[in-house]
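Colleague: Got a structure here, written out as structure tokens. Questions coming.
The values are calculated or read from the model by the stated rules, or taken from the named source; none is laboratory data. Remember, predicted model here, so these are calculated numbers, not experimental data. A quick note on method: Cβ atoms are made from the backbone with ideal geometry, for glycine too, and the neighbour counts reach across all protein chains shown. Surface areas here come from the heavy atoms of the whole protein model, side chains and all, with no ligands, DNA or RNA. Shrake-Rupley method; radii C 1.70, N 1.55, O 1.52, S 1.80 Å.
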Amino acid sequence: MSYDVKKEEKEYYQPKARPQILYLPQMRFISLDVEDEEGIAEGHQRLVGAMKEIRSWDLAGSYDFVMPPLELLWRNGKDPSKLPLASRRSFSVTLALRLPSFVPAFEVGSRLEGITCLTLEELECVQFLHTGSLARLKEGVAEADTYVKDFGLGIDTSLRRYHEIRLNDHLKTPTAKWRTVVRIPLSPS
């Protein structure tokens, strides 16, 4: 049976539409930085190719796993507290695919040119499922912000990145059916 991170770790990849607070453990990814939104499709294909190569390796047994969803880590270099809700032109983005825990990280770094092994420790975040156009993200983020304030927390992207997980392919799926997990780092307010 193939390992599928979306099924094995449902709390992280199948959230409710309403915001929830969760603590994320350390996770490993293969990643690639791209210049802007136009580079996302090409970068995603490079990561998919790298992940297919990883599946073919014969190290300590076979690596049988389902392709993980594309994850995007956004940061505004001029003002890290800004979120990519309207224009994303001033934001940098790191594309990432989750590595199953049984894939040795040292192998990734030494075998894949131009692909980085990234370890994230996102800690406490607010997460929700957004359906439809990303132009409407502002509403979901506002609801999440109100929700976390009830717990004495606040949204804080100054040290950790705003995170989107695309559960379906945004190039092949009608905009109204896009499903995106949104994670935003928190800190005490």
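Colleague: Would you mind stating whether Ser31 is of a type in the set (Gly, Ala, Ser), farther than 21 Å from Leu134 by Cβ and touching a strand residue (DSSP E or B) at 6+ places or on another chain (Cβ under 7 Å)?
Modeller: Against the criterion (of a type in the set (Gly, Ala, Ser), farther than 21 Å from Leu134 by Cβ and touching a strand residue (DSSP E or B) at 6+ places or on another chain (Cβ under 7 Å)), Ser31 does not qualify.
Colleague: Every residue in region 158-189 that is β-branched (Val, Ile, Thr) and out of contact with any strand residue (DSSP E or B) (no Cβ under 6 Å at 6 or more places or on another chain), please.
Modeller: Those that are β-branched (Val, Ile, Thr) and out of contact with any strand residue (DSSP E or B) (no Cβ under 6 Å at 6 or more places or on another chain): Thr173, Thr175.
Colleague: What pairs come out if I take residues in region 153-176 that are under 26 Å from Lys82 (Cβ atoms) and pair them with residues that are hydroxyl-bearing (Ser, Thr, Tyr) and open to solvent by 40 Å² or more (accessible area, probe 1.4 Å) whose C-beta lies under 8 Å away, six or more apart or interchain?
Modeller: Listed pairs, sorted by first residue: Leu153/Ser189; Gly154/Ser189; Asp156/Ser81; Thr157/Ser81; Ser158/Ser81.
Colleague: With without any contact (Cβ under 8 Å) to a residue 24 or more places away in the chain and of a type in the set (Asp, Glu) as the only criterion, which of Asp4, Asp79 stands out?
Modeller: Numbers: Asp4 fails: without any contact (Cβ under 8 Å) to a residue 24 or more places away in the chain.
Being without any contact (Cβ under 8 Å) to a residue 24 or more places away in the chain and of a type in the set (Asp, Glu) holds for just one of Asp4, Asp79, which is Asp79.
Colleague: Right, here's the next one. With respect to Glu121, determine if the residue is open to solvent by less than 10 Å² (accessible area, probe 1.4 Å), of a type outside the set (S, T, N, Q) and either in contact with a Cys (Cβ under 9 Å, 6 or more places away or on another chain) or under 17 Å from Arg28 (Cα atoms) (or both).
Modeller: Details: open to solvent by less than 10 Å² (accessible area, probe 1.4 Å): no; of a type outside the set (S, T, N, Q): yes; either in contact with a Cys (Cβ under 9 Å, 6 or more places away or on another chain) or under 17 Å from Arg28 (Cα atoms) (or both): yes.
When the stated conditions are applied, Glu121 does not pass them.
Colleague: State the number of residues belonging to region 135-167 that are polar (S, T, N, Q) and open to solvent by 40 Å² or more (accessible area, probe 1.4 Å). Give the steps one after another, and end with the answer.
Modeller: Within region 135-167, the subset polar (S, T, N, Q) is 146, 157-158.
Then keep just the ones that are open to solvent by 40 Å² or more (accessible area, probe 1.4 Å); that gives 146, 158.
Total satisfying the criteria: 2.
Colleague: May I pose another question? Report, by residue number, each residue of region 1-48 that is of a type in the set (Gly, Ala, Ser), modelled with pLDDT of 90 or more and loosely packed, with under 15 Cβ neighbours inside 10 Å.
Modeller: Filtering region 1-48 for residues of a type in the set (Gly, Ala, Ser) gives 2, 17, 31, 39, 41, 43.
From the residues that got through so far, the ones that are modelled with pLDDT of 90 or more too are 17, 31, 43.
Result: Ala17, single match.
Colleague: Still on this structure: Enumerate the strands (runs of 3 or more DSSP E) found wholly within region 117-189, keeping only those where 3 or more residues are closer than 20 Å to Thr94 by Cα.
Modeller: 123-131, 162-166, 179-188
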